[in-house]
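The values are calculated or read from the model by the stated rules, or taken from the named source; none is laboratory data. If you're wondering where the values come from, they're calculated on a predicted model, not measured in any experiment. FYI the Cβ positions are ideal-geometry reconstructions off the backbone, even for glycines, and counts take in every protein chain you see.
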């Protein structure tokens, strides 16, 4: 048994409420369950409980065993001073607060219908790919849609919080933060960390001074990446230009180690050298990337914003000194969509939270609905169950549901699981 079950039982009052008594035979009436707390501290805040006809306002804490209170050292934590009721599955000890007063305890064991316990155990103990596999087809479509929408918003808000953390580190500089998020996603998973370091070490305030000179932007980016090597005439010119600019801005001691970049088992079109050239092209064409991002009003304009047209050298090279014919050097549609999903949408969500402008979230969701669905193992799994993913909104939601709910048996936090447990 997990404490998640106790939270569910308390939140939805899924137990026999007739003649409720504490372990000390005090009468109990729940006026308000309180608000579930997902941070540190008591599990439900600001509840209202009648105990022996006296109304108490305060918090509710939950444990599988009453003695878990002592294991978690709540008796030493002032955050638990205002707990008015201790809800447990099994009562095995009297619990006191820091003042030495016994906290009223309510034992759920024996109050929960056996039919509910059976359904819960079948879900949690399921060995199917998703716990509700056998019941999924019987769930109303509206419940599935609502579940997907809920987890999609959670996924976007989690990514938005990552953006806001970077923003805090950058002193609320949105341009620098947007550049770092964009650059990090140019790594396309395998080189994310190296790209983020590169952007963090090379402020937009420096790059913007050279916005009109693509050659100088390449010199700065390739020089700071540690990948710049004088293997041909063009790269030797970049080396000379970077040496000059690095001395001017005091950058020489900040250069990344070339070993931080990964080329092994990476397709040439995804080589970090070509990706850096594409990033340089975007910087060259868009001086204030964040400002353009916020002002852009359509999916088509975002495609234009992120489309890269690399310099002549990179039209025929994947790496320095190696000429290649018939290569795809500009950013493909799939890569652009990836950047919209992982850069544009999280930044819009983050800025919506920062400013309180709800319309920005609605815009972000609309962009996801404009992108065709991704085909992968997870989306094929849902499609085989009859839940079709037709756009990236549904793709992202289905991935979130599968990875962070189904695979972790978090049925009590999922609207589909809740629907099943309602019987």
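Looking across the stretch 305-314, the residues that are surrounded by fewer than 18 Cβ atoms within 10 Å (Cβ to Cβ) and modelled with pLDDT under 90 come down to 307, 309. Scanning the stretch 287-304 for residues that are farther than 17 Å from residue 362 by Cβ, touching a helix residue (DSSP H, G or I) at 6+ places or on another chain (Cβ under 7 Å) and modelled with pLDDT of 85 or more turns up 288, 289, 290, 292, 303. Return yes or no: is residue 263 part of a loop (DSSP other than H, G, I, E, B) and either surrounded by 15 or more Cβ atoms within 10 Å (Cβ to Cβ) or in contact with a helix residue (DSSP H, G or I) (Cβ under 8 Å, 6 or more places away or on another chain) (or both)? The answer is yes for residue 263. Of the residues that sit in the stretch 99-119 and are in a helix (DSSP H, G or I) and in contact (Cβ under 8 Å) with a residue 40 or more places away in the chain, which one is farthest from the chain's Cα centre (by Cα)? Within the stretch 99-119, the match that is farthest from the chain's Cα centre (by Cα) is 115. Quick check, is residue 397 touching a residue at least 24 places away in the same chain (Cβ under 8 Å), within 30 Å of residue 13 (Cβ to Cβ) and in a helix (DSSP H, G or I)? When the stated conditions are applied, residue 397 passes them. In this structure, residue 274 qualifies as buried (at least 19 other Cβ atoms within 10 Å of the Cβ), touching a strand residue (DSSP E or B) at 6+ places or on another chain (Cβ under 6 Å) and either assigned to a helix (DSSP H, G or I) or in the same structural domain as residue 223 (by TED's automatic domain parsing) (or both).
Tell me the residue from 374, 419, 362, 369 that is modelled with pLDDT under 95 and touching a strand residue (DSSP E or B) at 6+ places or on another chain (Cβ under 9 Å), please. Steps first, answer last, please.
Numbers: 374 fails: touching a strand residue (DSSP E or B) at 6+ places or on another chain (Cβ under 9 Å); 419 fails: touching a strand residue (DSSP E or B) at 6+ places or on another chain (Cβ under 9 Å); 362 fails: touching a strand residue (DSSP E or B) at 6+ places or on another chain (Cβ under 9 Å).
369 is the lone residue from the list that is modelled with pLDDT under 95 and touching a strand residue (DSSP E or B) at 6+ places or on another chain (Cβ under 9 Å).
With respect to residue 248, determine if the residue is assigned by TED's automatic domain parsing to the domain that holds residue 161, surrounded by fewer than 17 Cβ atoms within 10 Å (Cβ to Cβ) and farther than 17 Å from residue 274 by Cβ. Yes. Sub-6 Å Cβ pairs linking a first residue in the stretch 359-386 that is part of a helix (DSSP H, G or I) to a second residue that is surrounded by fewer than 19 Cβ atoms within 10 Å (Cβ to Cβ) and modelled with pLDDT under 90, at least 6 apart or interchain, are 367/299; 370/299, ordered by first then second residue. For the stretch 1-84, the strands (runs of 3 or more DSSP E) that sit wholly inside it and include 1 or more residues that are buried (at least 18 other Cβ atoms within 10 Å of the Cβ) and under 33 Å from the mean Cα position of the chain (by Cα) are 44-51, 54-65.
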